[in-house]
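One structure is given here, and the rest of the page talks about it.
The values are calculated or read from the model by the stated rules, or taken from the named source; none is laboratory data. Just so it is clear, the model here is predicted, and its values are computed rather than measured. Neighbour counts run over all protein chains shown; Cβ positions are idealised from the backbone, glycine included. Heads up: the accessible areas ignore ligands, DNA and RNA and are worked out on the full protein's heavy atoms, side chains in. Shrake-Rupley method; radii C 1.70, N 1.55, O 1.52, S 1.80 Å.
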Amino acid sequence: MTRMTSGRPAAVWRWLGRVPWAETVREQERLRAAVLRGDAPETLLLCEHDPVITLGRSADPAHVLAPRAELARRGVEIAAASRGGDVTYHGPGQLVGYPIVRLRGGVIGHVTAMARGIASVLAEMGIDARWRRETPGLWVGDAPAENAANAQKICAFGVHVHRRVAIHGFALNVARGLDGFDLIVPCGLAAARTTSIAAALAPGRSAPPLHLLAARIASALGPALGVAFVPEIESPAGTGLWNVDNVEMSVRITRMIQAS
């Protein structure tokens, strides 16, 4: 559990594929308890979700624009979350990351470290995304306070900390057609819009597959958060979020990283 890699504590990351949001919440809480006991390494879960609207601790229910019957008709769940922040949407085409890690600094430092790591990956694709503390998130274009019409949020953040171990994390919009954002006022900012990697890329370029992007994000987040994430390729005991397909996928991703 305390093995060191390049001077940083070893941690693991897992690609879960597409999983229900509620299952990942239970897994995060289980892992946090294990990290606090010293029974598990710090862990980064990466996945995409079935459609769900989540309400953070400071959420205004009025920022959910559709009635529950319409949400049910469209196959969108709605749930309260322990993270900070307002209302957000998760769904297919979005890369969601949950670092269950010990804080090396304060909460703001933890969130900005995540943002810094993700922004570095976006910069490699030619996307200039910047952290805005006053409206937490990574934004493409002008700052929301300066020109809301040109402000486009590409990545949202929200965390919950207990005994200096964080759960929840980030949601990075990757594909076009994330229509679920039309059902909410994203993060309570009525004038702001959302964008995605696919929409922000130069013409002729396409967004990477989520599982490959997950591997690159894991590599960038390690140095930012002060840990060294390595792919986990053996099934951890006690979790229902791991299966043979995910193990095989992790092995293939590991080989891609080693060959690059």
- prompt: Hey, does segment 33-47 have a residue that's touching a Pro at 6+ places or on another chain (Cβ under 7 Å) and of a type outside the set (Asp, Glu)?
  reply: yes
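Answer yes or no as to whether Val111 is closer than 16 Å to Val96 by Cα, hydrophobic (A, V, I, L, M, F, W, C) and touching a His at 6+ places or on another chain (Cβ under 8 Å).
Values: closer than 16 Å to Val96 by Cα: yes; hydrophobic (A, V, I, L, M, F, W, C): yes; touching a His at 6+ places or on another chain (Cβ under 8 Å): no.
Answer is no for this residue.
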message: Regarding segment 121-132, can at least one residue be identified that is open to solvent by less than 60 Å² (accessible area, probe 1.4 Å), of a type in the set (Gly, Ala, Ser) and not in a strand (DSSP E or B)?
response: no
statement: In segment 41-56, anything farther than 24 Å from Ala69 by Cα and open to solvent by less than 20 Å² (accessible area, probe 1.4 Å) is listed as Glu42, Thr43, Leu44, Leu45, Leu46, Cys47
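Take the conditions in a loop (DSSP other than H, G, I, E, B), open to solvent by 60 Å² or more (accessible area, probe 1.4 Å), at pLDDT 80 or above and closer than 23 Å to Ile118 by Cβ and apply them to Ser219. Does it pass?
Numbers: in a loop (DSSP other than H, G, I, E, B): no; open to solvent by 60 Å² or more (accessible area, probe 1.4 Å): yes; at pLDDT 80 or above: yes; closer than 23 Å to Ile118 by Cβ: yes.
In short, no.
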statement: Selection over segment 159-195 where residues are of a type outside the set (A, V, I, L, M, F, W, C), under 16 Å from His49 (Cα atoms) and either in contact with a Phe, Trp or Tyr (Cβ under 8 Å, 6 or more places away or on another chain) or assigned to a loop (DSSP other than H, G, I, E, B) (or both) yields a count of 5
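Taking segment 96-107 as the search range and keeping residues that are at pLDDT 95 or above and open to solvent by 30 Å² or more (accessible area, probe 1.4 Å), which one is farthest from Ala215 (Cα to Cα)? Working first, answer last.
Of the residues in segment 96-107, the ones at pLDDT 95 or above are 96-103, 107.
After this cut, where a residue has to be open to solvent by 30 Å² or more (accessible area, probe 1.4 Å) as well, the list is 102, 107.
On the way: Arg102: 21, Val107: 24 Å.
Once the filter is applied, the top-ranked residue is Val107.
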query: Hey, Pro186 hits all of (1) open to solvent by less than 30 Å² (accessible area, probe 1.4 Å); (2) over 30 Å from Gly226 (Cβ atoms) but one; which does it fall short on?
result: (2)
- request: Just give me the residues in segment 58-109 being under 13 Å from the mean Cα position of the chain (by Cα) and under 20 Å from Thr43 (Cα atoms), in sequence order.
  value: Arg83, Gln94, Leu95, Val96, Gly97, Tyr98, Pro99, Ile100
